[in-house]
Amino acid sequence: SKSLSDEENLKLFGKCNNPNGHGHNYKVIVTVRGEIDPVSGMVLNLTELKEYMQEAIMEPLDHKNLDKDVPYFAEVVSTTENVAVFIWENLKKLLPMGTLYKVKVYETDQNIVVYKGEETI
């Protein structure tokens, strides 16, 4: 985080606080919801969903240094939580309104973030 000292970053991020960066092989699961079309039997055509995911996730993020290659992360700390928000926002622009339900990002088998957008309570 640019807003923290080197010591604070080390304390907060531990081994992930590498000045030269570090990588992850994220796994992303997207859940959609809505009425099932009686003709197709689908909420959303999975071929279309794959195309949306290619545009919203793979093109901007795959094989990239998030902090250096993705403008969004120039000012936002590239935590898995913020990666999930980034993916949500990109998908939300492409998917039919109201169909995006959940984005689940696996940083590792043990570290998982689930994001469902901003909910008002």
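The values are calculated or read from the model by the stated rules, or taken from the named source; none is laboratory data. Just so it is clear, the structure is predicted and the values come from calculations on it, not from any experiment. For the accessible areas, the whole protein counts, side chains as well, though only heavy atoms, and no ligand, DNA or RNA atoms are used. Shrake-Rupley method; radii C 1.70, N 1.55, O 1.52, S 1.80 Å.
Note on VAL43: accessible area is roughly 50 Å² with a 1.4 Å probe, heavy atoms of protein only.
Solvent-accessible area per residue for the range 24-115 at a 1.4 Å probe radius, Å²? If you can, show how the numbers build up before the last one.
Working: 6040 Å² over 92 residues.
Accessible area per residue: 66 Å².
In percent, rounded to a whole number, the relative contact order of the range 24-115 is 42, using alpha-carbon pairs under 8 Å and six or more apart. So what is the diffusion coefficient of the range 24-115 in µm² per second by Stokes-Einstein at 4 °C and 1.567 mPa s, using a Kirkwood Rh over Cα pairs? D = 93 µm²/s.
Summarise the accessible area of the range 24-115 (1.4 Å probe, protein heavy atoms) by the percent that is carbon and sulfur. Please report the intermediate quantities before stating the final value.
Details: 3090 of 6040 Å².
For the range 24-115, the apolar C and S fraction of the accessible surface comes to 51 percent.
When only alpha carbons are used to place a centre, the range 85-121 and the range 51-74 end up 15 Å from one another. Per-residue SASA remark: LEU66, around 20 Å² accessible (1.4 Å probe; ligands, DNA and RNA not included).
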